[in-house]
Each structure stands twice: as C-alpha cells, then as structure tokens.
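Encoded as structure tokens, the structure appears first; notes follow it.
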There are 2 protein chains.
Amino acid sequence: MPDPIQRLADELGDAFTAEPSALQRARTDRSGWVSDSAPSGIVMARGIDDVQAALRIAAEHRMPVVPRGAATGLAGGAAAVHGELVVDVSGMDRILQIAPDDELAVVEPGVINADLDAALAPHGLWFAPDPASKDISTIGGNIATNAGGLLCAKYGVTREAVLGLKVVLAGGRVLRTGHRTVKGVTGYDLTSLFVGSEGTLGVIVEATVRTLPRPSGAPTTLVGFFSGVRQAAAASAAITAARLRPALCELLDAASLEAITAYLGEDGGLVHEPIGGGASGASLIVQFDDADAGARAAEAAALVRGAGGTVRLSSDVEEAERLLALRRAFHPALAAQGEVLIEDVAVPRSRLADMFEQIERIEREYEVRIPTVAHAADGNLHPNFVHRGPEVPDVIWRAAGDLFTTALRLGGTLTGEHGVGVLKRRWLREELGDDSYDLQREVKAVFDPFGILNPGKVFA
Amino acid sequence: MPDPIQRLADELGDAFTAEPSALQRARTDRSGWVSDSAPSGIVMARGIDDVQAALRIAAEHRMPVVPRGAATGLAGGAAAVHGELVVDVSGMDRILQIAPDDELAVVEPGVINADLDAALAPHGLWFAPDPASKDISTIGGNIATNAGGLLCAKYGVTREAVLGLKVVLAGGRVLRTGHRTVKGVTGYDLTSLFVGSEGTLGVIVEATVRTLPRPSGAPTTLVGFFSGVRQAAAASAAITAARLRPALCELLDAASLEAITAYLGEDGGLVHEPIGGGASGASLIVQFDDADAGARAAEAAALVRGAGGTVRLSSDVEEAERLLALRRAFHPALAAQGEVLIEDVAVPRSRLADMFEQIERIEREYEVRIPTVAHAADGNLHPNFVHRGPEVPDVIWRAAGDLFTTALRLGGTLTGEHGVGVLKRRWLREELGDDSYDLQREVKAVFDPFGILNPGKVFA
C-alpha cells in the first residue's frame, strides 16, 4: 500500500495540500495554544465526497483526523500535530436550503453563523445561537462545540437550534441523524450526541437547523453602574427573581472596564462618560426584547437602583448598539495588552457573586490580574489571564486550575461554552467522575473503533 | 445461588411484590397494548437504594428489567412479560428541591408533571413540558419518552427542560449526567442520550429540570371554524408565515369535532354552538401568550378569515379554558366509542395539508375512520383508530403502516412524542436506516452489555 499522503494527493488532487505555511497555521486556533509540530496534510474539502475519501483513506492507514472549520475555537480542539490529517470543511460554505414555511435551514458546515442569520432575515427568521465569534465562526464549529453566547439564558445554546445532522463517520460512511420536524422520538438522540462532541465522533458535513421568528419590537437596553461586582451580581439576581427574562445580561468587572476604557478611550466616540466607578466599579448591560420591553426595563431599572446602581436606559437601536459595543470591545481590549487565556467556567446563577469573590481570592493568592466578564443570567463567566510571550506561565495555569476546581465546588462546570479541547482535558475526569468518563470513552469507541477521530482532544 | 425472585423478596422486603393483580396490571399501559403474560415480580422502589438493589440482583441473574412509572405511555414501553422484573418508581414522588434563584428543580422520577408545575407557581416559575397526560403522567416517564405536548413549537419538548439526571445503570451503579447550570459542554451530552431512551439504557432516579418564568399576560385565544382541514391547515401555515409564534395551535378535523360534539353534547355546558361545519368541518384553536397577545391574535384572526374561516376570539381566561376543554375532551370522546389506537406521526409543518390529504386517502382505501387532531404549529398529528374488543384488527395495523410510511415519505417521522415502545418497533429500521439503527444498538450495548434493560422495546 502506498503511503497515505501519496494516496490522498492522488485521490483528492487539488483538495489536498501539504504546503508548509498552511500546515503551520493548522497548529493552532484562537485559543493561542500551539501544538508541538505541524500536521502532515490538509484536505480542503469541496464537498461530502472529499470528506468521505479523506476518512476512508485515513481509516485504512489508521491516520488520525482533525476536523477543522474557521479555527476560531478557544480550547485547541482544531489544532493538529505531525502524523495527523486535517479535514478542513471551511470551504463547504453553501446554504443549501431555507425553508421559511418549516422555519428551518439546511447548511454546509462552513457557513459563517452571521451569514446564515443575514440570509434568514428577509424571511422574518433568525438564527438565535450568537457566540461572540458569530461574524467569523462557522455553524459546523458552533455545533461541534455546542457554542453558547450572550442570548442563551432566554434562547438556548446551539443544541436547541439543531434538528438533524449529516455526519461522515470514521471509515467514510455517511450517517444521518434527527429530523426535519420539531418533534421526533425515534431511537436515541444521536443529534445531541454529536453536538458538542468536538470532532471526536465524526465530521459534520451538513446541518438542518431550527430558526425562530425574529423578535419584533425594538429592544430596550439598560446599563447599570455599580461600586463593585457584588452589587452588580445582586442586581442580576434580582432581575432573575422578578422573572423579567432579559434577552441578555452581561456583567463587566472593574478590570474589564479599565481595559475597555484604555482601549476605546473615555471620549473615543463609543463611551461618552466613564463607564464604571473606577478600580472597584462594575457594570451590567441588560437588554429586553419582548413586546413590553420598555415596561420590563423600567422594572429592572428599579431593581438596579435598589442594588445601589445608577442607570442609563435607552430604547434607541443605535444607542443600544453603542452600549453593546462596549461589551464586544472587551476581547480586543485585552488582546491589545498581550496574549490572552480566556477561561469559561459556569456556576449556578445563585453562586455568581460567590464565584466573583473566589476570583478575587485567586487574584490575591497567585498575584495575577483576572479581568472577568459574565453572561450573568446563565452564570457563565469568562475570567481572562493576560500574559507576555507565547507560553502560558505556570502560575497562570495554577490559578486557572484553582478557578476550575472552585467552579466545580460551587456546583458548576469547567467549561460553559468553549469546550474541552486540549486545554481543559486534564480536569475533565474530575468533573465527570470515573463512571461517566469511562462510559463516554466507550461511546466514542462505538463511533471511532480505531481511535483516529481527533485523538487527544476532550479525553486526555 | 438462590433464584432471583427469592433474593429480591429477601433483600427488598415489602418493596417487592409478586401479587397477581399487580403483576397483571403491569402487562399494559395506556396504549391498550397488552403483553402475552404477566411479569415475574415488581419492585415498588422507595428510593435509589431499592432501584440499585433491584438492578444488581437482576444483572447477576441476567433477568430483564422493565422500568415503569405511572404507566400512562402510549407505545407499550412499560409493559412487561413473564420472566421480567418491573422496577416501578412511581412511589419515588418527592420534589427534592426548588431553587428559584437558579430557576431549576430537582425531582424524583415519580413526581406528577402537574404537581411539579403547581409547586413552582408560587415562585413565578413554570414547568413548560405539557403532555396531554400532565395530570397523570410522571416527570420520569416524560423524560423517558421525551414527551411533547401542545406548547412545543414555542417552548420546546421535554429534552429542553432537562439539565441533568441521576440514573441507575444495569448492575446497580449510579451515573450522574449534565449540570445545574444552563450551559455546560464537558464531554458528551449523555443527558440527551437518556432523554427519550424509553428505559433501554438505565433507570432514571432523579432529574434536575429547568423551569421558565410563567408567561405574565393573560392569553388571547382564537377559535377558527373552517369548511375542511385544508382551509384550517392553510390558516395555520399563514400564522406560522406571519411569525406570530402562538403558544399553541391545535387543529381538529371533522371526525374529531363530531366525536367531541357527541360526547359533550351541543349544549352540554362547554359548547354553546356547534363547533364545526358538520361532517366536512374543521377547527383551529390558537392561543397567544406574549405581552402583545391581543394584537397577535387580531392579526391571526385576519389570516383565519383570509383562509375562509370564521373566528371566535377571547381574552377571557375562563372562556379560554372552556375552548381548550374542547380539545382536551377529544381522547375521552373517542374512548367512549370503543378501544382507541392513538397514532403520532409528525411531518414538516409545510406538509401538514398533504398529510391530512393522505389520511383521507387511507380512510377510503382501508375503509376505516381516522379522527385526527394535530399540534399544527409543529406538524405533529394524532390520527386515531377506534375499534371494538381488545385486539387491534389487522386492517387497522395495515392502515397504520401506510400512515407511517406516508409520513416518512413526506419527510416526517413515525413518532413525534409518544415513543417507539413495542408498537412502532417494526418500522424503526425503515426510518433510521441500517447504519443508524446498528450504531444505536451498539450504544445501547455500552450501557447494557447483557441486554437486560427493557429488551424488545424500541429495537425489535
């Protein structure tokens, strides 16, 4: 048998590349994690046939396969090493069907999240999953990681938007899962099993996704300014307790506000006044999108004041965009300061203030700064570590480890929406426990008996 | 080793019974399907320990186990035969925790759906899954079948309400899945794998369920009267296309209206005027529960009239209850006429009218009456066959088979919300295809290597 690289080049022609700069790029994703070496080849799949051929040849040679899309992942899940074959589906980017009467769309995995949403808008439809990366991340990647975002407390995570999948299995067979219907209970929910499986069970080559009617009214946006995160978290909890159901509720701590202010400038066009109370300040950005958004926002404003906050309220769409731009400026603001390790713990909503308190403890104990933003309505926090140089310093890993075990102790999880990839695999067994961990590996073996689908990811 | 019955009696004491009338009851559920013989024993579990002991002893003797709750299932999934051990968890009916700040509840599997909802109401919270059986069915059973209901197009099926599970596996080990958080992507989604698995992977002994804020406004209810199902289906499609997002949208065909009228009487207190247009009539019951429910209902009323219907509109809560009572009277009305086989196909919403047309064809071809109601907004139809005597006549099975293959041909599924159980297992492979069917059996084998968990259910 000729070597696999030769066979891939022969059978896949132009779709196969071993061009060094392309191979180098495939060592990393947006997490900043870089693998030890470059993969041995890349299939730039033009369609399902290419993916099938790649997986057939790879299986025959027991060559590991790393599925890859736009590589915007934050856990190293799409990074490959020497000996591995990257199957890049970012070029499979056609919207195959929009079925307005069925409120669904059928897409190839490389379709950019925001592009699908734009294509749905003329039909009054909406693709609700909204990871912060939605302008650059693909639907396939969103599904592979069960991506979250800002709207999940009200509108659900990516899983809720996936009706069915077409997947190429190890060896090249095509599996269809799920339905074109909202309901369907024939057999096991393999669709959900693939959602969030991070490329370890198969390569997603098509998705049937559920769409929602676009919210009709103009949203009302509220920004609360507080003296500290405890007050902001209390206001968020009060809004939850009043059952006001905001579409989003973002909490920014003092270090985050400081970074954003440094990045945008206090009079940089977006910020018309200092957005926090200085080093100990915190801010809450809340948006309501129901028909009675104004009334809900007014009620929320009273709760924000009750928690000691001051309020800016707006039902102007452009003003709302400006306020949300503050939140979106967070990651660029940190990236301007150095390399960023973005963490992603989630805790039960009621433990949000406790988690912030623990983050302050970890900052003191390890003498590191941890600017943190939170999707407050669903208890998902993104504590960030900024460092210099390509290697994450050991003290940051130790602080992150403390962060993870603390989140678990508070009843939470070590990753709310970014996935395990390589960066969190060493803590996975601790969260799942031995029984679940071992069963999950057995489930993987059903789909991947030779262990060649994204090996070393998720499971250590 | 003593025989398993003796061991169960010894170890479980009062929780074990082989009392003949109890064994006889366990031969059936609400589907009307009755197994050939009675099971060999029943464990009336008082807690997790009992379930663990039962599954440990059963595994040691390779004795098949049939999990059972309130036995309101409609596919024969909880019916047992000679040689099998029933593990009845209906007595495990405690609400273990309501956490209003986290908008979740932790329940034992035997908690009645409506009881949980009632307990949540004082907190402004709501358990959204609403199978028609909610007053008598258990949360555990709802989860085991991924039960649907009237509100699913807007509020999702049971799966969307389950955050995590505690499951006793074959052999007696306890597995925890999922999270207490809204988000969480550590490893595979085993929670969703258990949802809808119909007792074939383990026995659910605890569930952490997500709750929603109760809709705040008074709903507005619309009843449309049409000359036929085509017009009613067109009105439903127009309401979907206008993105009005009703909470529920129920379609009743002429035979259904006739049965309800016969049951309630035209002046029986609930019905103040004939509710249909006679033998060829059809009705649509639509409810809006957003803050602008009245405006949405008015828009829907115009669409109903545009489709040739006449409209009754009400924002009175009691009137709404009376109108919905018509729909709820459907099953009792049929049951008053004889034995009922309730079917449960789903098709893409856009094929609803086509499916009704096919049902009329099947009625003519097999010379049977098929009164049908549909959750129109999600394309889920319940065609019903009424017959005399305990055995389903062969002609009805042939008509049902035609119904299933027709639904599949229209892009649908043979069960939207009732499950496969024993009644639909012979068609499952046709819907799933060989690859998916075989993979699902391999997944089962991971959790149930001896094949003793609800054998013969789902998979033939």
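The values are calculated or read from the model by the stated rules, or taken from the named source; none is laboratory data. Since the model is a prediction, treat every value here as computed from it, not as a measurement. Positions of Cβ are backbone-derived with ideal geometry, glycine not excepted, and every protein chain shown enters the neighbour counts. For the accessible areas, the whole protein counts, side chains as well, though only heavy atoms, and no ligand, DNA or RNA atoms are used. Shrake-Rupley method; radii C 1.70, N 1.55, O 1.52, S 1.80 Å.
Hydrodynamic estimate: the Kirkwood radius of the range A:338-446 over Cα pairs, inserted into Stokes-Einstein at 37 °C and 0.692 mPa s, corresponds to D of 226 µm²/s.
Dipole size of the protein assembly as shown about its Cα centre, with +1 on Lys/Arg Cβ and -1 on Asp/Glu Cβ: approximately 340 debye, rounded to the nearest 20.
Using a Cα-Cα cut-off of under 21 Å, which lysines could be cross-linked to A:LYS154, ignoring same-chain neighbours fewer than 8 residues away? Within reach: A:LYS134, A:LYS183, B:LYS154, B:LYS183.
Measuring between their Cα centroids, the range A:208-256 and the range B:281-353 lie 35 Å from each other.
Inside 10 Å of the C-beta atoms of A:435-446, what's the mean count of C-beta atoms belonging to other chains? Before the final figure, lay out the partial values.
Details: counts 5, 8, 2, 1, 10, 6, 3, 6, 8, 3, 2, 9.
Whole-number average of other-chain Cβ neighbours for A:435-446 is 5.
In the range B:4-88, a dipole from Cβ-located charges (positive for Lys and Arg, negative for Asp and Glu) runs towards its positive end, and of B:GLY32, B:VAL43, B:ALA58 it is B:GLY32 whose Cα lies farthest in that direction.
A point 7 Å from Cα along Cα→Cβ stands in for B:ALA262, and the other copies hold the same point at 7.9 nm, listed in rising order.
Taking the centroid of alpha carbons for each part, the range B:1-36 and the range A:7-34 are 60 Å apart.
For the range B:95-213, the Kirkwood hydrodynamic radius comes to 14.1 Å, computed from all pairs of different C-alpha atoms.
Computed about its Cα centre, the charge dipole of chain B is approximately 680 debye, with only Lys, Arg, Asp and Glu carrying charge at their Cβ. Distance from the alpha carbon centroid of the range A:121-150 to that of the range A:358-396 works out to 26 angstrom.
Order the following by accessible area, largest value first: A:LEU74, A:LEU125. Probe radius 1.4 Å; ligands, DNA and RNA are ignored.
Working: A:LEU74 45, A:LEU125 0 Å².
Accessible-area ranking of A:LEU74, A:LEU125, largest first: A:LEU74, A:LEU125.
Only helices enter the 222 nm calculation for chain B: every DSSP H run of n ≥ 4 contributes -39,500 (n - 2.57), and dividing by all residues gives -10500 deg cm²/dmol, rounded to 500.
Normalised by the number of residues in chain B, the mean separation of alpha-carbon contacts (under 8 Å, six or more apart) gives a relative contact order of 15 percent. Summary value for the range A:1-82: 39 percent relative contact order, contacts being C-alpha pairs under 8 angstrom separated by 6+ residues. Antiparallel beta bridges, as assigned by DSSP with both residues in chain B, represent about 85 percent of the total such bridges.
Rg of the Cα atoms in the range B:4-88, relative to 2.2 N^0.38 Å, amounts to 1.00. In this assembly of identical copies, the label point of B:GLY401 (Cα plus 7 Å along Cα-to-Cβ) is separated from its counterparts by 6.3 nm, sorted shortest first.
Counting only Cα atoms, the size of the range B:300-367 along its three principal axes is 42, 31, 20 Å, in decreasing order.
Charges were assigned to the Cβ only: +1 to each Lys and Arg, -1 to each Asp and Glu. The resulting dipole of the range B:338-446 about its Cα centre is roughly 80 debye. Over the protein assembly as shown, the pair-distance histogram of Cα-Cα distances with 20 Å bins from zero comes to 14, 45, 34, 6, 0 percent, rounded to whole numbers.
Peptides B:82-89, A:430-437 ordered by packing proxy, namely the average of other Cβ atoms within 10 Å per residue, highest first: B:82-89, A:430-437. Take chain B and mark each of the trypsin sites (Lys or Arg not before Pro) that is in a DSSP loop with at most 15 other Cβ atoms within 10 Å; the longest unmarked stretch, sites excluded, is B:174-368. Sorted shortest first, the separations between the A:ASP101 label point and its copies elsewhere in the assembly read 5.0 nm; each point sits 7 Å from Cα along the Cα-to-Cβ line. Using every pair of separate Cα atoms, the Kirkwood estimate puts the hydrodynamic radius of the range B:216-333 at 14.0 angstrom.
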